[in-house]
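Report on the structure given below.
The values are calculated or read from the model by the stated rules, or taken from the named source; none is laboratory data. Since the model is a prediction, treat every value here as computed from it, not as a measurement. Backbone-built Cβ (ideal geometry, glycine too); neighbour counts: all protein chains shown. Only protein heavy atoms, including side chains, enter the accessible area calculation; ligands, DNA and RNA are left aside. Shrake-Rupley method; radii C 1.70, N 1.55, O 1.52, S 1.80 Å.
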Amino acid sequence: MTALLTLERVSFAYPGVARPALRDVSVVVERGTVTGVSGAVGAGTSTLLLVAGGFAPRLTGGALSGVRRLDTARVGIVFATPWTQLTGLASTVRGEAAFGPASLGRPREAVLAAAERALGDLGVTHLAERDPTTLSGGELQRVVVASVLAMEPELLVLDDPAAELDPAGADGLYALLPAIAARGAGVLVATPDVERLAKVAERVLVLEDGRLARAGRPAEVLDDTDVARIARAAGCPAPPPLDVAAALGRIAR
């Protein structure tokens, strides 16, 4: 695998804020992989995604130091608030999904095919003729993800992408991430949902107070799930199982 994104000793401070939101962070995201980001509120996870995708300081302002190398210009980002990511220019879900690839100057047939494929990936083809402004939060979240996927980004950046989804919808979205990576993209996803993250990420970055505290395989660096806490209390050997399936597998052995 090759490095798609490299951050070397990156620090970032927002305008008018003396304390950096990121401090001396080094990260590599490879093509074909899902990399997770975890941390408490204020740890810098969202800022890391903005810097990784090239949106900070370009859109936010602020001061960036260190080295950022990105081996693509095709970056897509999804936030936890889908209603802020609507174009406002499409009267149907299909039009919303087609807007991105059309703005890239692609042929009409390619635009429509990309939009249909992305809507199918997210399970929202049945909403294609709906007005995006009439959708529920969960429906809109999936449409926004589909709209970003339709542009076929090589780096997909997701900030708590299942915040508006019910458990089944969240399961479906996270299960899709390895398939996106398998197409050759790099996926960088930040979420407090460490149990679902542990199932799909090859590598997880844990931030604390703007610094990279731990990095490695999910079982090595994640320990703050309900199942893990119960396992530790029961005297289970380290590393603790992170979810019910892993716990049952440990018992079966």
If I take R0 = 35 Å and measure r between the Cβ atoms of Arg217 and Ser65 in this structure, what FRET efficiency does the formula 1/(1 + (r/R0)^6) give, to the nearest 0.05? 0.75
For the chain, calculated [θ]222 nm from helices alone, where every DSSP H run of n ≥ 4 adds -39500 (n - 2.57): -10500 deg cm²/dmol
At most 14 other Cβ atoms within 10 Å and a DSSP loop assignment: could you name the trypsin sites (Lys or Arg not before Pro) in the range 1-89 that fit? Arg58, Arg74
Between the range 5-78 and the range 106-123, the alpha-carbon center distance in angstrom: 29 Å
Any chance you could run the full-extension gain for Thr87 through Arg58? It's 0.36 nm times the residue separation minus the Cα-Cα distance, nm to one decimal. 8.4 nm
Between Arg74 and Ser26, what FRET efficiency follows from the Cβ-Cβ distance if R0 is 30 Å, with the result rounded to 0.05? 0.80
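What percentage of the solvent-accessible surface of the chain, computed with a 1.4 Å probe over protein heavy atoms, is contributed by carbon and sulfur atoms? Please report the intermediate quantities before stating the final value.
Working: 6590 of 11810 Å².
With neighbouring chains kept in place, the figure for the chain is 56 percent.
To the nearest 20 debye, what charge dipole does the chain have about its Cα centre, counting +1 at the Cβ of each Lys and Arg and -1 at the Cβ of each Asp and Glu?
Details: 25 positive and 28 negative charges, 133 e Å.
The calculated dipole for the chain is roughly 640 debye.
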Which shape class, rounded, prolate or oblate, goes with the range 98-148 when its Cα gyration tensor gives a ≥ b ≥ c as root eigenvalues, a/c under 1.5 marks rounded, and past that a/b bigger than b/c marks prolate? prolate
Just to check I understand the Karplus step: with θ = phi - 60° and J = 6.51 cos²θ - 1.76 cosθ + 1.60, what whole-Hz values come out for the range 189-206, glycine and proline as x? 10, 9, 6, x, 7, 5, 5, 5, 4, 4, 7, 10, 8, 6, 9, 10, 9, 10
Contact order relative to length of the chain, as percent, for alpha carbon pairs under 8 angstrom and 6 or more apart: 25 percent
Coil-residue GluC sites (Glu not before Pro) of the range 119-169, DSSP, other Cβ within 10 Å capped at 14: Glu129
Tilt, helix 167-182 to longest principal axis of the chain (alpha-carbon atoms), in degrees rounded to tens, equals 80 degrees
Once you list every other residue whose beta carbon is under 14 Å from the beta carbon of Gly184, what net charge do they have if Lys and Arg are +1 and Asp and Glu are -1? -1
